[in-house]
Amino acid sequence: MKPFLQKISLFISSVVLVCFMLSGSVYASYEICGTCQVQTDTGAAGAVKFLDYSYVNNTYLSLRDMAMILKDTGKSFSLEITNNLVSMELESSYVPVGIENAPWESEDNPNLSLRRNDFEVGEQEMFYHTMIMKLPSGDYDCFMMVTDLAMLLDIDIAASDTDTLFVNTGESFHVSPEALEQAGYFYGVNSALVGDALTGEIYYQYQADLSYPIASTSKLMTCLMVMDALAAGQISMEESVTISDAVEMLAASGDGVVPLKAGEQITVQELLTGLLLPSSNECALCLAESIAGSEEAFVQRMNEKAQELGLSQAVFFNSHGLPSYTEDPVPAKRQNRMSGQDLFRLASYLLKVYPQVTDITSMKKAKLQSLDLEVRNSNPLLYNLSGVTGLKTGTTNKAGACLVTSLSAKDGTMAHDLIVVVLGTEDSMERGRVSGLLARYAMQVFQEGGESFAAGTKDHPEYRQGLPIHAEAAVECIVRDALREDEG
């Protein structure tokens with residue numbers, strides 16, 4: 001077994017954004033197993049098995065081992081695991097099966113698949129990527145990313161350089177984007193921004209003034225144009241639209257989402273739902289043709305609207321955000337582009353003028369009656385975080401995985417829409433995790449104020465038993481050369 005936690009790579013903001021460093025260089029395509037010690041503020045302690053998935057420091061902890069350690073604390077949870085389902089019940093006593101907190105039963109590195117297993121908390125569907133494995137004992141265990149576990153349980157996790165994780169069950173999860181940025185956490189992200197749509201206040205931004213491809217988050221502008229047309233009486237939600245040959249061709253392509261057939265009819269309401277939930281490209285094209293007569297004319301209106309709203313970095317080539325090729329003999333491959341600041345302004349305007357759009361974007365699934373088809377929302381935060389009301393995902397090879405998130409918050413007198421923009425993450429898992437962290441930060445600042453967690457020393461009272469409890473202490477533990485610089 002390789003030694004665990006020779007150095008701490010990344011612990012931020014009262015919670016571990018785990019980078020456990022093992023001896024040797026980076027390994028890919030298989031799992032590296034090990035064991036670490038976990039200690040709680042209540043005195044409970046034990047060994048916890050972990051897996052580094054594909055790369056060193058990409059660490060997932062055994063849920064059964066953690067459940068056993070936390071079972072007599074205020075963060076206890078019960079656990080049932082089958083070959084493809086994890087069921088958790090928070091604040092419930094865990095019943096041991098006899099294999100917890102024991103060494104690995106085999107010296108061989110397991111070869112597991114990280115995937116979106118069915119995951120329920122109190123019978124509520126959640127959206128996490130986990131690994132489930134069958135142990136030689138016949139029992140199943142699940143391995144979950146430490147960051148996800150800390151957010152789910154709302155606990156403070158920190159680390160020492162002595163192979164120990166410290167869990168403070170009395171401290172809530174806190175996030176410091178500034179500390180994350182110092183640690184290099186956003187190296188694999190094109191842009192990020194957190195702000196309040198009502199007041200226009202920006203809580204945090206990273207490279208948010210630079211223009212990047214935005215993929216299907218382009219559909220927020222398409223949605224705005226549709227809402228303008230509805231408000232002007234040009235179309236109605238109940239109006240039926242005839243599907244064109246071009247729309248059918250796009251639906252039948254590799255980028256098709258909703259099976260639309262030329263000559264058939266579908267309502268504007270259904271097209272808007274298909275646009276916003278499963279991110280249907282053909283629904284976007286169908287709406288564009290219906291409103292402006294052609295996509296070219298619609299895109300011209302999109303760019304005019306962007307100028308009207310002061311979106312200085314915005315440029316649109318189509319209504320959906322897919323790559324757009326020119327007709328030249330050697331075609332140029334173009335993509336819609338905006339900055340994080342522009343997307344914040346666009347989302348803010350959309351929510352201020354047409355707040356009813358969240359009636360659609362907050363739905364986890366919906367039925368398109370004309371097609372007898374159920375569609376699901378592609379936004380993972382709707383499943384994992386209360387208060388999320390939308391808004392839009394997007395992914396292309398060049399843009400990476402993008403997400404514009406809206407959250408509803410109240411200050412006692414007024415309702416606020418908090419917005420998180422994340423552009424250009426490596427994949428949908430990172431998109432959800434980065435957006436989840438920043439969404440929690442948005443609520444944290446809104447509820448508690450923008451208290452800084454910056455700068456401190458190891459003599460600072462925020463250190464407990466030599467362990468960094470808040471970001472000011474955690475940053476000092478960063479081993480910068482261990483940071484993995486993701487490709488965006």
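The values are calculated or read from the model by the stated rules, or taken from the named source; none is laboratory data. Since we're looking at a predicted model, the values are computed, not measured. A quick note on method: Cβ atoms are made from the backbone with ideal geometry, for glycine too, and the neighbour counts reach across all protein chains shown. All accessible areas refer to the heavy atoms of the entire protein, side chains included, with ligands and DNA or RNA removed. Shrake-Rupley method; radii C 1.70, N 1.55, O 1.52, S 1.80 Å.
Measuring nothing but how far apart in sequence close Cα pairs (under 8 Å, 6+ apart) lie, relative to its length, the stretch 329-460 scores a relative contact order of 17 percent. The gain in end-to-end length when the D163 to Y354 segment is fully stretched comes to 63.6 nm, 0.36 nm per residue minus the alpha carbon separation.
The heavy atoms of D209 present about 80 square angstrom of accessible area, all protein chains included, probe 1.4 Å. From the largest down, the stretch 119-269 spans 66, 49, 29 angstrom on the principal axes of its Cα atoms.
Ellipticity at 222 nm from helices only: DSSP H runs of n ≥ 4 in the chain, each -39500 (n - 2.57), divided by the residue count, give -7500 deg cm²/dmol.
Measuring only protein heavy atoms, the 1.4 Å probe finds Y53 accessible over about 50 Å².
Angle of helix 295-308 to the longest C-alpha principal axis of the chain, folded into 0 to 90 degrees and rounded to 10: 70°.
Largest accessible area first, the residues K49, K71 order themselves as K71, K49 under a 1.4 Å probe with ligands, DNA and RNA left out.
Axis angle, to the nearest 10 degrees, between helix 219-231 and the longest C-alpha principal axis of the chain: 50 degrees. Taking the Cα centre of the chain as the origin and placing charges on Cβ (Lys, Arg +1; Asp, Glu -1), which of A284, V97, S386 is farthest toward the positive end of the dipole? Farthest along the dipole direction, towards plus: A284. How large is the accessible surface of S87 in square angstrom, using a 1.4 angstrom probe and rounding to the nearest 10? Here the residue's solvent-accessible area equals roughly 30 Å². Residue ranking by accessible heavy-atom surface, 1.4 Å probe, largest first, among K75, K364, K352, K410 comes out as K410, K352, K364, K75.
In this rough spin-label picture, where each label sits 7 Å from Cα along the Cβ direction, the T82-Q124 distance is 2.3 nm.
R0 = 51 Å: FRET efficiency of D209 with V97, Cβ-based, nearest 0.05? With R0 = 51 Å, the Cβ-Cβ based efficiency is 0.45.
When E181, E270 are compared by accessible surface with a 1.4 Å probe, the order from highest to lowest is E181, E270. Considering only alpha-carbon pairs that sit under 8 angstrom and 6 or more positions apart, the relative contact order computed for the chain is 17 percent. In the chain, the longest principal axis of the Cα atoms and the axis of helix 428-448 are about 80 degrees apart.
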